[in-house]
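The values are calculated or read from the model by the stated rules, or taken from the named source; none is laboratory data. Given the structure is predicted, the values throughout are model-derived calculations rather than measurements. In this analysis, Cβ positions are derived from the backbone assuming ideal geometry, glycine residues included, and neighbour counts consider all displayed protein chains. SASA here: full protein model, heavy atoms, side chains in, ligands and nucleic acids out. Shrake-Rupley method; radii C 1.70, N 1.55, O 1.52, S 1.80 Å.
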Amino acid sequence: MWQNVLSSVEERVSYIMLSHDFSDISLIVGPPNYCKTFPAHKLILAMSSSVFAAMFYGALPQQGNEVEIPDTDPDSFQIFIRFVYTDQLDLQDTDQAIAVYWLAEKYMVTKLKTMCCKYLSDHLLPENACQIYELAKLGNCHPLMFRACRYIVLNAQSVVESASIENINRETLQWIIGRKWLNIAQESSLFQASVLWAKAECNRKEIPDSLENQRAALEPVISGFRFLSMTSAEFVNRVVPSGILTQEESLCLLEHLVEPRSVILPDYFNKCNKLRNQPLLQSSPESSCILTCDESICPIKSEARMLSTFTITGRSVYIVGIDFYLSDKNFNRVTKCKPFDPVYQLSVNSLLTVINRSTGCIYAYHSTSLSTDQYGNARFDFGDPLFLNSGETCQIILDIERSDRPLFWCNGKHTSEREFQDGVTFCFRESLKSECSTHSHIHKILFWIID
């Protein structure tokens, strides 16, 4: 008997999945013209999914021994049910991962969702980055959304040149055009990709892809293009031939490019003339809020705690790093304009804890060897960014044990209770003396804006 041969629970459960022994429910998966029946076991399904548990053993249990699941394909469901029985996941491509993710979302299989997100994060490419971003946004998967956003920003040229740009949502196109930074060679590349999207959008709506209809499709994003960052030759050769702009608009923009401020531009045109393709590394933040301090530098006791509490308002952010002032040099005031000889490898025992006070989520980062820059700022980078919605409160705690040499930190208040950067406001609250050894101590908050 197979019960005597198969020694582990995993082997026995895998066997009944393949043999269908003791199955008591049939799952009919797929649309009517392409469906497949999966014999299954209610108890096994209910053990992995609260949705199946309610379906089979809830107050109003499923009647009969068949369940129709027409909103997915049999191949994706095969991967899903194999995971339910064996805890093993074998994905072949990102399309499969997306389909299985939605099954995991539908049936509330959290571990499977996490594994699908990890697979998608590891397989980001120019041709799928926007699709993965849209999945993460719709599924409210913040770590994946951050990674997809960062990938699109850093690889914007390849993304807009891929055929997939034609199939994105209007909101995604608007989001890309609205980015402060994009690693793209010319603004006209973004414009030309948008024109291709507009033609595809007309086809999706089953209307002629006339210039009038293309312009109507692009109307909500016209104000996002930085036409003034183009050269006159770039504008004439790559924008004007599209016919999206009227003759009057093209002439007005061209005159402004040749002789800035010679004409008054319509209000709906973007007045920014800066290129988007500023240097931005994989580990760099998109934005940073530099906080100044109005008090002196003080020595660190043998053991000390620094604490800052602030509320984010205006926009949601992903905090990717934090800078603290930490040095073996004593200055009367913190300055970021007078570099000195820093200690690049500080031998200190430290524990950084970040708490989202609104949700109770705790992030901790341990380090025993900190590096400082030329101004004495010690930076902590988060492997997974801390997501904060607008209105949420964050508390940052740094517990530190001094090394053999004297060390100093910023022991003072920020010069302002409110700091503004890129539409984000950081509202600081003064800490109680019983909570810490010092007041606000952060020098810089490094973050990305995704919304």
Please give the FRET efficiency for LEU43 paired with ASP384, using the beta carbon to beta carbon distance and R0 = 30 Å, rounded to the nearest 0.05.
-> 0.30
In the stretch 50-112, what percent of the accessible surface is made up of carbon and sulfur (1.4 Å probe, ligands and nucleic acids excluded)?
-> 49
Ordering GLU219, GLU166, GLU201 from largest to smallest accessible area (1.4 angstrom probe), what's the sequence?
-> GLU219, GLU166, GLU201
Name the long-range amide H neighbours of SER367: under 5 Å, sequence gap of 5 or more, or other chain; modelled H, no Pro or chain starts.
-> SER350, LEU352
The stretch 162-259 - accessible surface per residue (Å², probe 1.4 Å) = 46
Could you list the residues of the stretch 78-95 with an amide nitrogen less than 20 Å from a label point located 7 Å from the Cα of LYS118 in the Cα-to-C-beta direction?
-> 79-95
The long-range amide H neighbours of SER316, using H built 1.01 Å from N in the peptide plane and a cut-off of under 5 Å, are SER390, ASP451
Considering the options VAL109, ALA59, LEU91, tell which one lies farthest towards the positive end of the dipole of the stretch 25-127, charges being +1 on Lys and Arg and -1 on Asp and Glu at the Cβ, about the Cα centre.
-> ALA59
Here are some pairs, LYS111/LYS444; LYS137/LYS180; LYS137/LYS271; LYS111/LYS137; LYS118/LYS199; which of them have Cα atoms lying more than 24 Å apart in this structure?
-> LYS111/LYS444; LYS137/LYS271; LYS118/LYS199
Label-point gap, in nm, between GLN78 and SER50 - each point 7 angstrom along Cα→Cβ | 3.2
Protein chains only, probe 1.4 Å: how do GLU212, GLU187 rank by accessible area, largest first?
-> GLU212, GLU187
Using a/c under 1.5 as the rounded threshold, could you call the stretch 146-243 rounded, prolate or oblate? The axes a ≥ b ≥ c are square roots of the C-alpha gyration tensor eigenvalues, and prolate needs a/b larger than b/c, oblate otherwise.
-> oblate
Per residue, what accessible area does the stretch 50-115 have, given a 1.4 Å probe and all protein chains present, in Å²?
-> 53
Label-point separation (nm) for SER232 and LYS205, each offset 7 Å from Cα along Cα-to-Cβ?
-> 3.6
In sequence order, what are the phi-derived ³J(HN,Hα) couplings for the stretch 247-262 according to the Karplus relation 6.51 cos²θ - 1.76 cosθ + 1.60 with θ = phi - 60°, rounded to whole Hz, with x for glycine and proline?
-> 4, 5, 5, 4, 5, 4, 5, 5, 4, 5, 5, 6, 9, x, 6, 6
Arrange the residues TRP448, TRP181, TRP102 by how much accessible surface each exposes, largest first, with a 1.4 angstrom probe.
-> TRP102, TRP181, TRP448
Here, ASN349 and ASN167, labelled 7 Å along Cα→Cβ, have an inter-label distance in nm of 5.5
